[in-house]
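*Asks:* My questions will all concern the structure given below.
The values are calculated or read from the model by the stated rules, or taken from the named source; none is laboratory data. Please read these numbers as outputs of a predicted model, since none were measured by experiment. Ideal geometry is used to build each Cβ from the backbone, glycine not excepted, and the neighbour counts take in all protein chains shown. Keep in mind that these areas ignore ligands, DNA and RNA; they rest on the heavy atoms of the full protein, side chains included. Shrake-Rupley method; radii C 1.70, N 1.55, O 1.52, S 1.80 Å.
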Amino acid sequence: MSFPERFLWGAGTSAHQVEGGNVYNDSWVLEHVRGGPYVEPSGDACDHYHRYRDDIALLAELGLNTYRFSLEWSRIEPEEGEFSRAALEHYRRVLAACHEYGITPMVTFHHVTSPRWLAAAGGWEANDTPERFGRFCGRVMAHLGDLIPFACTINEANLPRVLAAGAGLERDDSQGWWREAAGAVACSDPDRFVPFVYAASERGRETIMAAHRSALQAIKSVSGDAVVGITLALHAFEAAPGGNARMEALRRWCEDEFLEAIEGDDYVGVQTYTRLRIGRDGVLPAEEGVERTQMGYEYWPDALEASIRRAVEVTGLPVIVTENGIATDDDTRRVEFIERAVGGVARCLEDGLDVRGYVYWSALDNFEWILGYRPTFGLIAVDRRTQERTVKPSARRLGEIARQNGLC
Ligand code: BGC
């Protein structure tokens with residue numbers, strides 16, 4: 001395999017999934033509503049808020065040169081317009097630790113969670129959200145911009161639609177738990193309570209993409225050199241017999257409408273986990289006989305190559321693989337998954353596609369949203385009782401690939 005010298009080899013996390021104690025965001029509220037879909041709350045997560053330094057050192061020791069993580073908006077701006085200098089200083093220390101260990105930080109400004117006050121004010125369908133998000137990004141850049149070479153405005157802008165299409169997360173305002181959640185964030189009208197993952201409507205898409213543009217502008221106006229883009233959840237789509245028309249329509253609604261809206265960005269962040277087979281009536285369950293991951297997804301490492309090719313075809317932009325991974329308790333399957341996925345990246349490079357990095361999801365076994373701590377995506381295991389970290393063989397394998405294929 002041959003990779004460019006400056007290829008980014010990394011692992012990723014998101015604030016709410018690893019930091020612990022993120023009590024001011026909408027996810028924390030949803031996790032604690034009686035009768036809601038969460039199997040357990042995030043609690044202390046991986047206590048990464050305090051252990052970030054050791055975790056970053058570990059990634060460097062493994063041979064990786066990139067760490068993708070997110071800033072928790074609700075820590076930095078816990079009430080609208082009230083910015084916490086202490087929280088900004090915390091992230092300054094995180095960024096400084098990355099630089100100190102020779103790790104390139106890749107910073108995500110929004111990864112699923114939003115401050116409670118934003119949710120109360122209409123969340124991801126409200127007219128003011130793009131401007132509010134841009135203001136947050138500008139404030140962050142003013143404080144931290146000198147340490148941020150790579151920025152991702154919004155993680156998986158199309159996630160609400162992917163979830164809606166897969167029937168993984170139907171918003172049902174009539175249910176009691178939903179009303180209770182809206183009440184808990186002080187949103188007077190449950191119909192106006194729109195956390196990010198529920199913004200599948202056209203209005204939601206427009207709000208998210210406008211927020212992306214507002215953020216991009218805010219980031220670039222402070223740091224013209226920062227490499228800025230958005231990330232998307234992309235799949236290898238396949239039509240089962242009779243499913244072609246439906247497949248085209250779903251791919252357009254879930255992916256193409258977003259890919260086509262990011263002209264002029266510095267890169268597109270590709271996040272791929274599996275193949276999606278589409279039948280006449282929509283997304284089909286995993287095919288009989290195909291191995292499944294802990295998420296119930298088909299084990300399909302080749303999906304990554306397909307989605308990189310499609311992202312390039314539609315956008316013409318450079319690609320960074322910002323997430324790719326597998327939830328499994330059998331680490332040998334993770335080793336094979338990574339080797340095959342990275343092989344796909346190598347084939348794209350051989351064909352002249354501009355792929356700049358591969359970031360595995362996730363650095364740590366962490367809080368997998370409604371499924372709690374059950375699925376384990378990590379390169380590094382975390383003991384839920386003691387927070388002790390244990391490096392898995394797959395982490396060493398990825399580090400070895402990175403060392404053999406770059407300047408790490
Ligand atoms: C998200 C992560 C999540 C991962 C695995 C992505 O959709 O960005 O937050 O943990 O997939 O499901």
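*Asks:* In the P(r) worked out for the chain, what percent of Cα pairs fall beyond 27 Å?
*Replies:* 47
*Asks:* What's the carbon and sulfur percent of segment 28-68's accessible surface, probe 1.4 angstrom, rounded to a whole number? Walk me through the numbers on the way to the answer.
*Replies:* Working: 770 of 1690 Å².
Here it works out to 46 percent.
*Asks:* Roughly speaking, what is the centre-to-centre gap between segment 6-50 and segment 324-399 when only Cα atoms are used, to the nearest Å?
*Replies:* 18
*Asks:* Between Ile370 and His99, how high is the FRET efficiency from 1/(1 + (r/R0)^6) when r is the Cβ-Cβ distance and R₀ = 35 Å? Nearest 0.05.
*Replies:* My answer for the efficiency is 0.50.
*Asks:* I would also like to ask the following. Choose one answer from His110, His16, His50: the residue with the largest mean-square fluctuation in a GNM of the chain with alpha-carbon springs under 10 Å.
*Replies:* His50
*Asks:* Let me ask something additional. Counting alpha carbon pairs within less than 8 Å and at least 6 residues apart, what relative contact order, in whole percent, applies to the chain? Numbers along the way, then the final one.
*Replies:* Working: 853 pairs, mean separation 81.9, N = 408.
The normalised contact order for the chain reaches 20 percent.
*Asks:* Skip the ligands, DNA and RNA, and give the accessible area per residue of the chain with a 1.4 Å probe, whole Å². Before the final figure, lay out the partial values.
*Replies:* Working: 15670 Å² over 408 residues.
Per-residue accessible area for the chain comes out at 38 Å².
*Asks:* At 7 Å along Cα-to-Cβ for each site, give me the label-to-label distance between Glu89 and Glu5 in nm.
*Replies:* Taking the simple label geometry, Glu89 and Glu5 are separated by 4.0 nm.
*Asks:* Now for a separate question. Per DSSP helix of 4 or more residues, -39500 (n - 2.57); summed, then divided by the residues of the chain. What does that give at 222 nm, rounded to the nearest 500?
*Replies:* Calculated from helices alone, the mean residue ellipticity at 222 nm is -11500 deg cm²/dmol.
*Asks:* Under the classification rounded if a/c is under 1.5, otherwise prolate if a/b is larger than b/c and oblate if not, where does segment 15-141 fall, given a ≥ b ≥ c as square roots of the Cα gyration tensor eigenvalues?
*Replies:* oblate
*Asks:* When N counts the residues of segment 114-243, how does its alpha-carbon radius of gyration compare numerically with 2.2 N^0.38 Å, as a ratio?
*Replies:* 1.20
*Asks:* I've got another one for you. Roll a 1.4 angstrom probe over the protein heavy atoms and tell me the percent of accessible area of segment 173-287 that is carbon or sulfur. Write out the running numbers ahead of the final one.
*Replies:* On the way: 2250 of 4820 Å².
With neighbouring chains kept in place, the figure for segment 173-287 is 47 percent.
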